[in-house]
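Engineer: Right, I'll just put the structure down here and ask away after.
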Amino acid sequence: MSQMIKSLVALLLAITIVHLAYIGYIRPEAGLVLEAAQQAGQSAPRNLVIILKDYEQEICLILMVFAMYLIVGKTISIMKNSYLFRVDFLEGDSHRHEDLKSTLASLKSLPGATKETPLVRTLMASLRRYLITDDVHNTSQAIESSVEALAVEQEAENSMIRYLIWAIPSIGFIGTVRGIGEALALADQALAGDISGMTNSLGVAFNSTLVALLISIILMFFLHQLQSLQDKLVVDTQAYCEDYLLNRISEVGQT
């Protein structure tokens, strides 16, 4: 299953789960709380279901669940393949061209998921460059180019997460504008002495912004943790290729 299809399925699941929670608990419970407050002649209490009951908050929560899926998926992928840095793919003391060709062939025969990891791809590209040029400097440049491409690729893969983190506060501000607009439309009632409608509308405005900003802060924290793992992956990939490949072929060239 392609990554795009997986993401679409995850988004549909996030929509379904959050919407079921809203229609099954949050909105019915909020309706009961608002009705009880109205009968008691009080304003709506500031509890969780009241803060979350509006459509903007529901959309923000859906996007949060989807963004967490993307972040957790990338984190698991990096951690799952971290064991590869403890494997010596060039095991042995002989590093003649014939041996390196055999090593490259064995790397190509690895399972698809392992062969597509950044470390193995970088190692394969570096080995090909050395076998073609027989030059350590060119091989070092190949490693640097592959590592730079890996960093750019990871940055591009995070663009959807960044968009979601930007979109969530924007949706919160839409709720703010909607709530303030409704409150202004009820100004006549407020002047007549009934401020309940205006306060409820202002509650929509402030609650949507509150929820959106909190979600954005949480997602930014997890995104920074993911970026730290990705930066470590880039550094470890370059260090592995230098330690296991460059140092060995340099020693062979000096003998």
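The values are calculated or read from the model by the stated rules, or taken from the named source; none is laboratory data. Quick caveat: nothing in here was measured; it's all calculated off a predicted structure. Cβ sites come from the backbone with ideal geometry, for glycine too, and all protein chains shown count toward neighbours.
Engineer: Might you check whether a residue that is at pLDDT 80 or above, in a loop (DSSP other than H, G, I, E, B) and of a type outside the set (D, E, K, R) occurs anywhere in the stretch 149-171?
Structural biologist: Within the stretch 149-171, one or more residues are at pLDDT 80 or above, in a loop (DSSP other than H, G, I, E, B) and of a type outside the set (D, E, K, R).
One line per residue, one yes/no per condition, for (1) in contact with a helix residue (DSSP H, G or I) (Cβ under 6 Å, 6 or more places away or on another chain); (2) modelled with pLDDT under 85; (3) within 18 Å of residue 51 (Cβ to Cβ); (4) among the acidic types (Asp, Glu):
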{"position": "179", "(1), (2), (3), (4)": "yes, yes, yes, no"}
{"position": "186", "(1), (2), (3), (4)": "yes, yes, no, no"}
{"position": "204", "(1), (2), (3), (4)": "yes, yes, yes, no"}
{"position": "218", "(1), (2), (3), (4)": "no, no, yes, no"}
{"position": "221", "(1), (2), (3), (4)": "no, no, no, no"}
{"position": "251", "(1), (2), (3), (4)": "no, yes, no, yes"}
{"position": "254", "(1), (2), (3), (4)": "no, yes, no, no"}
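Engineer: For the stretch 16-69, how many residues meet the condition of being under 23 Å from residue 219 (Cα atoms) and part of a helix (DSSP H, G or I)?
Structural biologist: 28
Engineer: Given the criteria modelled with pLDDT under 95, assigned to a helix (DSSP H, G or I) and more than 30 Å from residue 123 (Cα to Cα), does residue 239 qualify? Outline the logic, then answer.
Structural biologist: Working: modelled with pLDDT under 95: yes; assigned to a helix (DSSP H, G or I): yes; more than 30 Å from residue 123 (Cα to Cα): no.
So residue 239 fails the test.
Engineer: Restricting attention to the stretch 1-39, which residues are more than 30 Å from residue 71 (Cα to Cα) and either in contact (Cβ under 8 Å) with a residue 40 or more places away in the chain or out of contact with any Lys or Arg (no Cβ under 6 Å at 6 or more places or on another chain) (or both)? Walk me through it before giving the result.
Structural biologist: Going through the stretch 1-39, the residues more than 30 Å from residue 71 (Cα to Cα) turn out to be 28-39.
Answer for the stretch 1-39, where residues must be more than 30 Å from residue 71 (Cα to Cα) and either in contact (Cβ under 8 Å) with a residue 40 or more places away in the chain or out of contact with any Lys or Arg (no Cβ under 6 Å at 6 or more places or on another chain) (or both): 28, 29, 31, 32, 33, 34, 35, 36, 37, 38, 39.
Engineer: Do you know which of the residues in the stretch 33-78 that are polar (S, T, N, Q) and surrounded by fewer than 18 Cβ atoms within 10 Å (Cβ to Cβ) is nearest to the chain's Cα centre (by Cα)?
Structural biologist: By that ranking, first place goes to 75.
Engineer: For residue 143, state whether it is at pLDDT 90 or above and either surrounded by 19 or more Cβ atoms within 10 Å (Cβ to Cβ) or on the phi > 0 side of the Ramachandran plot (or both).
Structural biologist: Values: at pLDDT 90 or above: no; either surrounded by 19 or more Cβ atoms within 10 Å (Cβ to Cβ) or on the phi > 0 side of the Ramachandran plot (or both): yes.
Spelling it out, it is not the case that residue 143 is at pLDDT 90 or above and either surrounded by 19 or more Cβ atoms within 10 Å (Cβ to Cβ) or on the phi > 0 side of the Ramachandran plot (or both).
Engineer: Against the definition (over 22 Å from residue 233 (Cα atoms), more than 35 Å from the chain's Cα centre (by Cα) and either assigned to a helix (DSSP H, G or I) or modelled with pLDDT of 90 or more (or both)), how does residue 197 come out, yes or no?
Structural biologist: Yes; evaluated as a whole, the condition is true for this residue.
Engineer: Looking at the stretch 13-23, which of the residues that are aliphatic (A, V, I, L, M) and farther than 19 Å from residue 74 by Cα is surrounded by the most Cβ atoms within 10 Å (Cβ to Cβ)?
Structural biologist: This residue is 18.
Engineer: Going residue by residue through the stretch 74-85, is there one that turns out to be farther than 30 Å from residue 236 by Cβ and touching a residue at least 24 places away in the same chain (Cβ under 8 Å)?
Structural biologist: No, the stretch 74-85 has no match at all.
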